[in-house]
Amino acid sequence: FPSVYQFIRNVNRDGFEHANLIRELQRQESSLVIETVSADLLARLPRLFLLTLHDAIFTKPHGIPHVVRAFDAAFDAMEFPMTLKVAT
């Protein structure tokens with residue numbers, strides 16, 4: 001995949017720092033989970049228990065549908081398809 005390789009090389013171009021891309025992906029991921037999904041949940045459901053960890057949100061069983069809807073809304077707003085792993 002030459003275009004993917006070139007994209008990665010461009011992101012990691014500063015001294016061929018191989019961690020640039022992964023760090024940017026982690027920043028984007030945490031922004032989505034904390035600044036978008038969690039912020040939406042806290043604004044709409046301030047009493048809902050939630051705990052974030054990297055790309056995950058933990059909640060009590062009754063909160064799962066709310067978290068799923070918040071992730072759905074965030075990805076819909078970006079027009080990006082997604083699949084969630086929901087574990088109970």
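The table for this structure:
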| read-out | value |
| --- | --- |
| When residues of segment 32-48 are limited to those that are small (Gly, Ala, Ser) and surrounded by 11 or more Cβ atoms within 10 Å (Cβ to Cβ), the one nearest to THR59 (Cα to Cα) | SER38 |
| Of residues in segment 1-27 being polar (S, T, N, Q) and in a helix (DSSP H, G or I), the one least open to solvent (accessible area, probe 1.4 Å) | ASN20 |
| Any hit, segment 52-69, residues being small (Gly, Ala, Ser), open to solvent by less than 90 Å² (accessible area, probe 1.4 Å) and free of Cβ contacts under 8 Å to residues at least 12 places away in the same chain | no |
| Residue satisfying all of: in segment 21-63; among the hydrophobic types (A, V, I, L, M, F, W, C) and touching a Ser or Thr at 6+ places or on another chain (Cβ under 7 Å); nearest to PHE7 (Cα to Cα) among these | VAL33 |
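The values are calculated or read from the model by the stated rules, or taken from the named source; none is laboratory data. Keep in mind that this is a model prediction, so the values were computed, not measured. Here Cβ is always computed from backbone atoms with ideal geometry, including for glycine, and neighbour counts include all displayed protein chains. The protein model used for the area step is the full one, side chains on, heavy atoms only, and it has no ligands, DNA or RNA in it. Shrake-Rupley method; radii C 1.70, N 1.55, O 1.52, S 1.80 Å.
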